[in-house]
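The values are calculated or read from the model by the stated rules, or taken from the named source; none is laboratory data. Quick caveat, the model's predicted, so the values are computed rather than measured. A quick note on method: Cβ atoms are made from the backbone with ideal geometry, for glycine too, and the neighbour counts reach across all protein chains shown.
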Amino acid sequence: MEYFVALLTTLALYLPALTGEPIPDVASLPAFEVADRLEQAVFAHTGQRRGGELTTAAYLPRENVILLTSALLEDLPELEAVLVHELVHWWQVRSDRAGPHGGQAWEDEARAFENSWRREHHLRLRPPLPPPNRRRP
């Protein structure tokens, strides 16, 4: 587990280069939890299911924890890219950025920073998310 704490710290220290803004507080880095079924883990932590279909990881702001699937631990480059994405969510929350907490804009921003990391490290890019479904009157 010490390795993962060191990895998370290293990636967090990279955030200023990626975002152009300072790290809010390295001492407040999220904890890790590994779960095979993320939706069940999110439900256990929050009592509710939130967001879209969860497949690899999730950041839970209130608990300040990053949930990861065990399969992700077997692919270090992919783990790093996903952790960058989740750390951007941590940075968004801790920086008290303007706008509503969460939502499509924050997910788009996290995906853009993640893809920037992926480009630098020659990993396949993740496609942009489709716009959320809008209910018609």
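Name the pairs whose Cβ atoms lie under 9 Å apart, with the first residue in the stretch 110-137 and more than 19 Å from TRP90 (Cβ to Cβ), the second assigned to a loop (DSSP other than H, G, I, E, B) and modelled with pLDDT of 95 or more, and 6 or more positions between them or separate chains?
Partner pairs satisfying both residue conditions: ARG119/LEU125.
Taking only pairs six or more apart or across chains, which ones have beta-carbon atoms under 6 Å, a first residue in the stretch 85-108 that is farther than 17 Å from PRO22 by Cβ, and a second residue that is in a helix (DSSP H, G or I) and modelled with pLDDT of 90 or more?
What qualifies is HIS85/ALA110; HIS85/GLU114; TRP106/GLN92.
When the residues of the stretch 36-82 are filtered to those that are small (Gly, Ala, Ser) and at pLDDT below 85, which remaining residue is surrounded by the fewest Cβ atoms within 10 Å (Cβ to Cβ)?
Within the stretch 36-82, the first condition is being small (Gly, Ala, Ser), and the residues that meet it are 41, 44, 47, 51-52, 57-58, 70-71, 81.
If we keep only those that are at pLDDT below 85 as well, we get 41, 44, 47, 51-52.
Values: ALA41: 20, ALA44: 12, GLY47: 7, GLY51: 11, GLY52: 9.
The residue in question is GLY47.
Could you tell me how many of the residues in the stretch 1-20 are out of contact with any helix residue (DSSP H, G or I) (no Cβ under 8 Å at 6 or more places or on another chain) and either of a type in the set (D, E, K, R) or part of a helix (DSSP H, G or I) (or both)?
The total comes to 8.
Just to be sure I understand the filter: pairs with C-beta atoms under 7 Å, separated by 6 or more residues or on different chains, first member in the stretch 1-28 and acidic (Asp, Glu), second member outside any helix (DSSP H, G or I). Which pairs pass?
Sorted first by the residue in the stretch 1-28, then by its partner, the pairs are GLU21/SER95.
Select from the stretch 1-31 the residues that are more than 13 Å from TRP90 (Cβ to Cβ), among the small types (Gly, Ala, Ser) and surrounded by 10 or more Cβ atoms within 10 Å (Cβ to Cβ) and list them in ascending order.
Across the stretch 1-31, the qualifying residue is only ALA6.
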